[in-house]
Amino acid sequence: MIHHLKKGQAASVKADINTQVRSTVEGILADIEARGDAAVREWSTRFDNWSPASFRLGQADIDACIAALSPQALADIKFAQAQIRRFAQIQKSSMHDVEIETLPGVVLGHRNIPVNSVGCYIPGGKYPLIASAHMSVLTAKVAGVKRVIACAPPFEGKPCPEIVAAMHLAGADEIYCVGGVQAVAAMAIGTESIAAVDMIVGPGNAYVAEAKRQLFGRVGIDLFAGPTETMVICDDTVDAELVAVDLLGQAEHGPTSPAYCITTSKKIAAELPAAIENVLSRLDTAPVASVAWRDWGELILCDTDEEALQEAERLCSEHVQVMTRDPDWYLQRMTRYGALFLGHRTNVSYGDKVIGTNHTLPTQGAGRYTGGLWVGKFIKTHTYQRVLSDEASVMVGEVCSRLCALEHLAGHKEQADIRVRRLAATA
């Protein structure tokens, strides 16, 4: 039996919040489309108290940010980027152009072509999310994107040195210190000083996520993203403290970040509330993480792994940490999630920061139909066809003509018929 020992807020609460966010974003996008750079500057001043002579950083600005970092910080950034680059290159190598003769004289194929230009948003107003530069800029560059621009908000009144260094080392062609909806809009719509891109990627707050949603179609996006979600599936092979740390380690992202514990252990179910309080007592981010757990945390006790799997599939969480006797049992059976973290030796933070997989992942149930950001998201697969002989064109054309007649599409039918008439004599 499945026991819901603690439930989070109803989905309707988030719906009410989203309505207000949607209206605000609509207004900002319309203003930036109408007034360009002037509007970007006004919104930046309003939200970030930031209005530099130029939002774009010059080489001297970038060099100064890099020089501000310790050798250890630079080494750690480079180490993380090496892991992410290596896995992205392996992923790209799995993608191949194809060409095959499917019928005598009929050749079909596809080419994998990188997007021409991409805008990467790196959050940094509250927490400087350095890793988002690796995940977006670097991955786009491995994919072969020619122009990659990157935006991040100011941090403590200036460009964040760590983020700027990560953007530059990842290969960004243009770096801007501007944040929020105004940054996403400038990249997607274009202004006098920022040429528009073909695709926007990267995480952000509710307003950034809504801006991407509203701009989708005008530009491509990586995926629709909401607040960070995490799930721990566990049994009695681990203890409540470890579970609490892994839940709160993601709940600190924001006060509306869901954290789910699904366990088959009555001991963990009983001890988790106290463990949560104990871990919160030593986290500087407790004011945020505690609210997220209080309002959106869930504790679910199941009798069997099958029931735990059922609940995990229903919730379809962004991050799923599996700490059980046989984590591979879940790997083989789970179909709805963002990314899996298998066993007690790994955790979501490794994936977020350094291990090599991408941390931009589907939320709000989107794991039902998409995976996360990867090198393939920046590559478009385009098909082509070639007919090598008159005989082949006549053979395909006769069938095509009859099918077009069934659909009453005379123009389509004539495209086939004219070739049959002209080529039949020589076929």
Please give the per residue accessible area of region 108-166, computed with a probe of 1.4 Å over protein heavy atoms only, in Å². 30 Å²
Compute the angle between helix 305-315 and the longest alpha-carbon principal axis of the chain, please, reported from 0 to 90 degrees and rounded to the nearest 10. 70 degrees
Unit charges on C-beta of K, R, D, E only; dipole of the chain, Debye: 900 debye
By per-residue mean of other Cβ atoms within 10 Å, what is the highest-first order of 18-28, 100-110, 230-240? 230-240, 18-28, 100-110
Per residue, how large is the accessible surface of region 274-389? Use a 1.4 angstrom probe and give square angstrom. 48 Å²
Give the peptides 386-393, 187-194 in descending order of average Cβ contacts within 10 Å, highest first. 187-194, 386-393
Have a look at the DSSP beta bridges in the chain and tell me what percent are antiparallel, nearest 5. 35 percent
Using a 10 Å cut-off on Cβ atoms, rank the peptides 89-95, 29-35 from the highest mean neighbour count down. 29-35, 89-95
Would you list which lysines come within 24 Å of Lys158, measuring only between C-alpha atoms, while excluding same-chain residues fewer than 8 positions from it? Lys78, Lys126, Lys353
Taking Cα atoms, the helix 180-189 axis meets the longest principal axis of the chain at an angle in degrees (rounded to 10) of 10 degrees
Mind sorting out which of [x] 25.5, 87; [y] 25.8, 95; [z] 21.2, 73 is the real Rg and Dmax of the Cα atoms in Å computed from the coordinates? [x]
Using alpha carbons only, how many angstrom separate the centre of region 216-289 from the centre of region 376-411? 52 Å
Can you list the aspartates and glutamates whose alpha carbon sits under 18 Å from that of Lys146, skipping same-chain ones fewer than 8 residues off? Asp173, Glu174, Asp198, Asp222
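The values are calculated or read from the model by the stated rules, or taken from the named source; none is laboratory data. Only a predicted model underlies this, so the values are computations on that prediction, with no experimental measurement involved. Because the Cβ atoms are built from the backbone with ideal geometry, glycine has one as well, and the counts that use them run over all protein chains shown. Note: accessible area is taken over every heavy atom of the protein model, side chains too, but ligands, DNA and RNA are not part of it. Shrake-Rupley method; radii C 1.70, N 1.55, O 1.52, S 1.80 Å.
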